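The values are calculated or read from the model by the stated rules, or taken from the named source; none is laboratory data. Not measured: the values here are computed from a predicted model. Ideal geometry is used to build each Cβ from the backbone, glycine not excepted, and the neighbour counts take in all protein chains shown.
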Amino acid sequence: MWGFLSEWLSDFLPFPWRVPAHRSVAKSLIGLVVCAAVVGGLGFLQPALALIPLCFSAFAMFQVGFAFRCLERAAVLDLDDPMEPPREPHRFLPYAIPTAIALHELALFVDAVRRGKMLSAFVIESRVDTTRLRASEVRLFEAASALLTLSSGDRGRATQRALAALPSGCEDFDLLLGRLALASAWENPVRLWKMDDAWALAGITLEGDSNLSTLRCLLELRLSEREPDLSVFSETERLSIAKEARLLGDEKLARELEKASLPGGSYRD
């Protein structure tokens with residue numbers, strides 16, 4: 001959370017050495033001079049008035065932090081956790097703090113999709129201002145939208161959105177969309193190789209304990225042309241990979257993995 005706040009604050013304040021895409025260097029310099037003149041001038045002439053821009057900045061940062069915390073809980077916590085549902089916001093200032101509005105709407109959208117409330121999610125989706133979101137939050141939005149699209153029966157469009165959304169940062173979304181992406185390319189080695197490269201570039205490792213790490217291990221086994229070393233996987237990991245293989249319809253691979261998990265078993269005997 002603190003990393004998010006520091007990054008957002010550096011975007012909120014006109015620092016010329018970190019210029020966002022939507023702000024020019026000239027505007028940043030002008031904003032910096034104006035802020036310095038206002039705060040400095042008021043500090044010398046009327047110190048009490050100098051607290052106004054400082055208090056507003058602190059208030060804005062608190063509001064964005066509150067909204068981001070709601071989003072973080074909506075994406076990460078279990079659905080039965082009382083802290084998971086996004087809380088009602090404090091009185092956001094719609095025009096002064098649009099980032100807080102966008103983050104809170106995204107939190108409501110993610111929560112609705114995770115709970116299967118697709119009608120509510122459809123209404124909320126149109127209210128999310130993605131121009132106010134960072135890249136990681138846009139991926140989370142795309143992941144939720146992909147599942148919403150899938151619920152409407154458009155599997156092809158949902159698959160396209162899933163490939164652009166992973167990893168989303170929400171384990172529930174990553175598992176469902178990862179399965180969807182793998183299923184769409186399971187019989188196409190070229191697409192699987194491209195997917196493997198994309199997941200590697202996105203930082204999805206084989207050693208992690210995330211759902212996407214398990215799916216990438218399965219992807220590597222599918223692409224393997226020779227007998228892989230399964231000793232790097234624990235028995236629990238092999239059984240998890242076997243479960244995912246069976247869900248994708250590859251019963252042969254699932255049985256081979258389960259056999260390798262038995263005492264004295266080996267892969268592809």
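Exactly one residue among Ala121, Ala135, Ala112 is aliphatic (A, V, I, L, M) and exposed (fewer than 14 other Cβ atoms within 10 Å of the Cβ), and that residue is Ala135.
Table: residues versus (1) out of contact with any Pro (no Cβ under 7 Å at 6 or more places or on another chain); (2) under 30 Å from Ser234 (Cβ atoms); (3) not small (Gly, Ala, Ser).
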position: Ser151; (1), (2), (3): yes, no, no
position: Ala162; (1), (2), (3): yes, yes, no
position: Cys170; (1), (2), (3): yes, yes, yes
position: Phe173; (1), (2), (3): yes, yes, yes
position: Leu180; (1), (2), (3): yes, yes, yes
position: Arg191; (1), (2), (3): yes, yes, yes
position: Asp197; (1), (2), (3): yes, yes, yes
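Among residues of the range 211-253 being at pLDDT 90 or above and polar (S, T, N, Q), the one that is farthest from Ala165 (Cα to Cα) is Ser240.
Could you list, ordered by first residue, the pairs with Cβ atoms under 7 Å in which the first is in the range 203-219 and over 15 Å from Ser234 (Cβ atoms) and in contact (Cβ under 8 Å) with a residue 40 or more places away in the chain and the second is part of a loop (DSSP other than H, G, I, E, B) and not aliphatic (A, V, I, L, M), at least 6 apart or interchain? Filtered contacts from the range 203-219: Leu212/Pro167. Within the range 55-81, if we keep just the residues that are under 16 Å from the mean Cα position of the chain (by Cα) and among the aliphatic types (A, V, I, L, M), the residue that is surrounded by the most Cβ atoms within 10 Å (Cβ to Cβ) turns out to be Ala74. When Ala112 is tested against (1) out of contact with any helix residue (DSSP H, G or I) (no Cβ under 6 Å at 6 or more places or on another chain); (2) at pLDDT 95 or above; (3) not aromatic (Phe, Trp, Tyr), just one condition goes unmet, and that condition is (1). For the range 167-194, a residue qualifies if it is buried (at least 18 other Cβ atoms within 10 Å of the Cβ) and either over 26 Å from Leu133 (Cα atoms) or touching an Asp or Glu at 6+ places or on another chain (Cβ under 6 Å) (or both), and the qualifying residues are Pro167, Ser168, Leu182, Ser184, Ala185, Leu192. Scanning the range 254-269 for residues that are modelled with pLDDT of 85 or more and of a type in the set (Gly, Ala, Ser) yields one hit, Ala254. For the range 64-75, does any single residue satisfy the condition of being part of a loop (DSSP other than H, G, I, E, B), under 19 Å from Arg139 (Cα atoms) and either among the acidic types (Asp, Glu) or at pLDDT 75 or above (or both)? Looking through the range 64-75, none of the residues is part of a loop (DSSP other than H, G, I, E, B), under 19 Å from Arg139 (Cα atoms) and either among the acidic types (Asp, Glu) or at pLDDT 75 or above (or both).
Consider the range 195-217 and keep the residues that are over 16 Å from Ser240 (Cα atoms) and of a type in the set (D, E, K, R). The one that is surrounded by the most Cβ atoms within 10 Å (Cβ to Cβ) is Asp196. Sub-7 Å Cβ pairs linking a first residue in the range 237-255 that is touching a residue at least 40 places away in the same chain (Cβ under 8 Å) to a second residue that is of a type in the set (Gly, Ala, Ser), at least 6 apart or interchain, are Leu248/Ala183, ordered by first then second residue.
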